[in-house]
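Down below is the structure, laid out as structure tokens.
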Amino acid sequence: MWDVTLNRLLFPAAGFAVLISSQAFAAELDQQAAAPSVADRTAATALGDIVVTANRSAQSIDKVGASVTVLTAAALEASQATAVPDALARTPGVSFARNGGIGTVTSVNIRGAEGHHTVVLIDGVKMNDPSSTQGGANFSNLLVGDLSRIEVLRGAQSTLWGSQAIGGVVNIITAEPTQALQGYVSAEAGSFGTRYFRGAVGGTNDRFSWRVAANRYDTDGYSAFAAGTENDGYSQNGLSGRMNLKITDAVSVDLRAVWSDGTSQFDSFNGDSREYSTTQELASYAGLNFDLLDGRLRNRIGFSYTDTQRDSINPDRLIEPTTFEAKGENKRLDYQGSFAFTDNLSAVFGIESERAEMRSRSLPNSTVKPAFGTGKADQDSAYVQLQWEAVPGINLTAGVRYDDHARYGDKTLGQFAAAWTLNEGKTVLRASWAQGFRAPGLYELYSEYGNLDLQPEAFDAWEVSVQQRLLDRASLGITYFNRQSDNEIRYKGCSFGTTDPLCTVNGNTRWGYYENIQKTEAQGIEVTGAFDVTSALRIAANYTWTDAINASGASKGKRLTQRPEHMANLSADYAFASGLKTGVAVRYAGKAFANAANSDALDAYTLVDLRASYPVNDTLEVYGRIENLFDEQYQVVRGYGTADRSVYGGVRIRF
């Protein structure tokens, strides 16, 4: 199928979509979402609390049975976060580990799951890289640029989102135009020689909308090695764009793309180094949307293409400076439909055909270049999910997914969720159960560390929650979650003189390989709260307890590495009558462990940030922040540096 279909569709579709971008499901979404902050509230619209990620269609958040958090454009702007992982870490159940500053290797963990168990979407296009060590997304290059919102869906979601959606889904949605002509430019500078320039322009009318955005980020950085003396910088150029053409009232075309080119300096785990890496990423999409039966049957046919190329260079090598090369591609052809049987019963369904390809190799410092490790995997899938308001206030969701993997055969997964809204919408009870399935990644199978005997990972997850609104001024929520996993894949090192047959390939001993060695268990509690003290002052907080442990092998009963057991966030925002907005954010991460034996503990830490912004007039705004106000010294990955106290300021011009 792929050889014929892709030759006809891939190159014109990808080429036509290089500088355009649009929302994943052609839904007209409000840019504001649930529990808006003081910074949000003035911009909220009648569409209210709508999300798309949970059920692949626009739906009120009160009807969603899963746990989802929305970071709106106003919330992202108010937080002044630069990198997506920093913004995500302020939401319940999310932590991240980074080997130095922005641009270095970054892993995001949701509810204690592995980083590669999170599916990352940009405008609905999957960004997971087949050539990365375990097929995960590259969070290193994700900056908060021209975004309208980020939706964070927690818990196993493989039924709708496929393999890897074990910990959850992060859906990053770029901004859409709302006026005939509009745009902005911003410039920011601060500590570590940091400069960040962003801009966007676009417009819309009854039939046609478009938007293009660009950014340039530079920082001299600080040493990635905690005890290092030389700085490790990062730079990135980025472009994004989108276009929507309404051919008729019922037929439209979507084109979109996001591209970035980053260069990151890094250190080894035991000392300074002049090494650096380059990463180029492209995500593009072309789709046709059409409605039938007076809009009751909505359809989308789309093609998406992602391309990630990574190289590592050591300029101190005398013969071969390139130390590593990798390229990963995803090509996906899909159809999605939604049908409203009645006002209370609807279905979302679809079919997907995907091909993933990778190549990678490590190069010695010699004139001899080893062959690439290469691999590919084809997978065809079908899914259907029913959404039923059984009685007023009780919403049930049930789904099933069928995958046919070229190497691992077929697999069927199920999911069920319920949401019960009562007390005139003041109380929402939720419960969900889901299965997860992840086929081994191409790097785990075909790289120099690959193992062709690997088996798929399997997961079961469930959660229950209650959310209560109090006196129309406050809200409180509590969620319990539980996840069981089997056959998890881990890297196993080969010691000197080992007799392990998998440590020898073609007569040569290798550093290690991947194998199915682990069962893991995770449970926890998430607590969220928000209180509008006055019309100008809002306080919000969340706390997460995560008990994520190994459940097999020599480390049975030990905590998973780099997973804080306790995490908490607190923020307070105040809007003065003059227009000045101020805020404070506190983030706490409890003790974690740097190794599987739990003999090396990473200390708990607390970070305090201050921020402020002031609209000089309707066009010009100035803003600034202090990060790590009390100059906390801490590590999230043993041996790697973190930022000291830093100060940033900028201006934003809208037109």
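The values are calculated or read from the model by the stated rules, or taken from the named source; none is laboratory data. Not measured: the values here are computed from a predicted model. Every residue, glycine as well, gets a Cβ built from its backbone with ideal geometry; the counts of neighbours run over all protein chains shown. Ligands, DNA and RNA are stripped out before the accessible areas are found, and what is left, the full protein with its side chains, is counted by its heavy atoms. Shrake-Rupley method; radii C 1.70, N 1.55, O 1.52, S 1.80 Å.
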The one condition in (1) surrounded by fewer than 17 Cβ atoms within 10 Å (Cβ to Cβ); (2) part of a loop (DSSP other than H, G, I, E, B) that residue 555 fails to fulfil: (1)
Counted residues, the stretch 451-503 - those being open to solvent by less than 30 Å² (accessible area, probe 1.4 Å) and charged (D, E, K, R): 4
Check on residue 437, at pLDDT below 95, among the aromatic types (Phe, Trp, Tyr) and under 24 Å from residue 158 (Cα atoms): yes
Count of the stretch 96-111 residues which are under 30 Å from residue 575 (Cβ atoms) and buried (at least 24 other Cβ atoms within 10 Å of the Cβ): 1
Filter result (modelled with pLDDT of 90 or more and aromatic (Phe, Trp, Tyr)) within the stretch 486-503: 491
Conditions (1) open to solvent by less than 60 Å² (accessible area, probe 1.4 Å); (2) under 25 Å from residue 535 (Cα atoms); number of the one not met by residue 601: (2)
Selection count where residues are at pLDDT below 90 and not small (Gly, Ala, Ser), scope the stretch 142-170: 6
Positions within the stretch 186-218 being closer than 25 Å to residue 645 by Cβ and of a type in the set (A, V, I, L, M, F, W, C), in sequence order: 187, 189, 192, 197
Residue count, the stretch 341-379 (criterion: among the aliphatic types (A, V, I, L, M) and buried (at least 16 other Cβ atoms within 10 Å of the Cβ)): 6
Some residue of the stretch 241-250 being β-branched (Val, Ile, Thr) and in contact with a Lys or Arg (Cβ under 9 Å, 6 or more places away or on another chain): yes
Which numbered condition residue 397 fails, given (1) buried (at least 16 other Cβ atoms within 10 Å of the Cβ); (2) in contact with a helix residue (DSSP H, G or I) (Cβ under 8 Å, 6 or more places away or on another chain); (3) among the β-branched types (Val, Ile, Thr): (2)
Output for the stretch 570-598, where each listed residue is open to solvent by 60 Å² or more (accessible area, probe 1.4 Å), closer than 20 Å to residue 651 by Cβ and part of a strand (DSSP E or B): 581
Matching entry among 276, 285 (being in contact (Cβ under 8 Å) with a residue 12 or more places away in the chain and surrounded by 22 or more Cβ atoms within 10 Å (Cβ to Cβ)): 285
Those residues of the stretch 220-239 which are open to solvent by 20 Å² or more (accessible area, probe 1.4 Å) and within 20 Å of residue 278 (Cα to Cα), in sequence order: 220, 222, 225, 230, 231, 235, 237, 239
Scope the stretch 363-412; condition within 25 Å of the chain's Cα centre (by Cα) and aliphatic (A, V, I, L, M); matching residues: 377, 382, 384, 398, 400
Within the stretch 112-147, considering residues that are more than 12 Å from the chain's Cα centre (by Cα), polar (S, T, N, Q) and open to solvent by 10 Å² or more (accessible area, probe 1.4 Å), the one farthest from residue 337 (Cα to Cα): 133
